[in-house]
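Notes for the one structure printed next.
The values are calculated or read from the model by the stated rules, or taken from the named source; none is laboratory data. Not measured: the values here are computed from a predicted model. Virtual Cβ from ideal backbone geometry, glycine too; neighbours counted across all protein chains shown. Side chains are part of the model used for accessible areas, which takes the heavy atoms of the whole protein and leaves out ligands, DNA and RNA. Shrake-Rupley method; radii C 1.70, N 1.55, O 1.52, S 1.80 Å.
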Amino acid sequence: QVQLVESGGGLVQPGGSLRLSCAASGSIFSIYVMGWYRQVPGKQRELVAAITSGGTTNYADSVKGRFTISRDKAKNTVTLQMNSLKPEDTGIYYCNAVRYGSDFWGQGTQVTVSP
């Protein structure tokens, strides 16, 4: 099993920045992909950004150029730096890890972008 704990959400004004962090523990060996998903009421959870163990990144079109995902394999953490935030970035952000084809999720952290 993999345990994921997120931190760093909160309330920010449009144009502001937030930094989300996710710490992985447990059976972390051979975690292939770590990433962040966002969910808003009435919609499916959607991928925001992901990074593989080799460092390959993938971003949703809506966040390209504004968000940056990074991974510290030594510390077993993944970080999402979010800049130029927009109201439509509001949602619950979940950390995700994929290990041997199984998905693991954190408890989620709320991000609210509002004047």
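Summary table
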{"read-out": "Matching residues in segment 50-90 - criterion: being buried (at least 16 other Cβ atoms within 10 Å of the Cβ) and either touching an Asp or Glu at 6+ places or on another chain (Cβ under 8 Å) or among the aromatic types (Phe, Trp, Tyr) (or both)", "value": "Tyr59, Val63, Phe67, Val78, Thr79, Met82"}
{"read-out": "Within segment 91-103, tally of residues that are more than 14 Å from Arg45 (Cα to Cα), open to solvent by less than 40 Å² (accessible area, probe 1.4 Å) and not small (Gly, Ala, Ser)", "value": "1"}
{"read-out": "Set Arg38, Arg19: member being open to solvent by 50 Å² or more (accessible area, probe 1.4 Å) and either assigned to a strand (DSSP E or B) or of a type in the set (S, T, N, Q) (or both)", "value": "Arg19"}
{"read-out": "Residues of segment 41-67 satisfying the condition of being assigned to a strand (DSSP E or B) and within 16 Å of Asn96 (Cα to Cα)", "value": "Glu46, Leu47, Val48, Ala49, Ala50, Ile51, Thr52, Thr57, Asn58, Tyr59"}
{"read-out": "Of residues in segment 74-88 being of a type in the set (D, E, K, R) and assigned to a loop (DSSP other than H, G, I, E, B), the one modelled with the highest pLDDT", "value": "Lys86"}
